[in-house]
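The values are calculated or read from the model by the stated rules, or taken from the named source; none is laboratory data. Note that this is a predicted model, so its numbers are computed, not measured. Cβ placement follows ideal geometry from the backbone for every residue including glycine, while neighbour counts extend to all protein chains displayed. Accessible surface areas use protein heavy atoms only, side chains included; no ligands, DNA or RNA. Shrake-Rupley method; radii C 1.70, N 1.55, O 1.52, S 1.80 Å.
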Amino acid sequence: MASLTSISLHSTSPLGFASKHDHSSCSWLKVKSVRSTRQGLSSQTVRRGLKIRCAATKQAKSPAEEEWKIKRELLLQKKVRSVDAKEALRLQKENNFVILDVRPVKEFKEAHPPNAVNVQIYRLIKEWTAWDIARRAAFAFFGIFAGTEENPEFIQTVESKIDKGAKIIVACAAGGTMRPTQNLPEGQQSRSLIAAYLLVLNGYTNVFHLEGGLYSWFKEGLPVESEDEEE
């Protein structure tokens, strides 16, 4: 009796690889066996659910990838306070607060509060591992050709620029909020709130957050600096 077996792998991921938040993709292994008998050919299909590990599997999540509920609880516990744009400007001028702008470098150079310190919490994807190539492909699939990743040197860079005893107001573009609303009972996460979470995790004790983000700062017509002319 002769036997011919064909194997095909069907992934549940639409792009054929694990997403950033799904660290393993569940696939189906379809085994089709065709056997030759005296009466003719018979076929049998066997399906089996498998968990597979591929070259693009992401490693264990970092603190920045923790659930927003966990981040928010710690921020409230550490008494991280939100301030609006005008209050942030007053604190900067009168109480020596440092405005930490965590937006990408390009956005920072276009416009930022005077004397703000820039350390981007997310950066353009730099490496070319299988996981990074997969993420680039995923971004490109949706027409995004400048995908970002968490900046692994964020805390190290902040520590090189700002003392742990400093009073800091963390700012990003949109701001997010810890305030509950009817539609968002736990508020809304943002880059600045993720950054604030990382700061308090790493020993910073005087951390504030710019609610409304730098969008509100610009909208209020508060002082702005630009570094475009330096390039």
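Sorting 70-78, 179-187 by average packing, meaning the other beta carbons within 10 Å per residue, from highest down gives 70-78, 179-187.
If DNA, RNA and ligands are ignored and the probe is 1.4 Å, what is the ranking of Thr205, Thr177 by accessible area, most exposed first?
Ranked from most to least accessible, the order is Thr205, Thr177.
Sorting the segments 105-113, 188-196, 165-173 by their mean number of nearby beta carbons within 10 angstrom, highest to lowest, gives 188-196, 165-173, 105-113.
Compute the FRET efficiency between Lys79 and Leu124 as 1/(1 + (r/R0)^6), taking r as their Cβ-Cβ distance and R0 = 35 Å, and round to the nearest 0.05. According to the calculation, E is roughly 0.55. Note on surface exposure: Leu201, Leu210 rank Leu201, Leu210 by accessible area, highest first, 1.4 Å probe.
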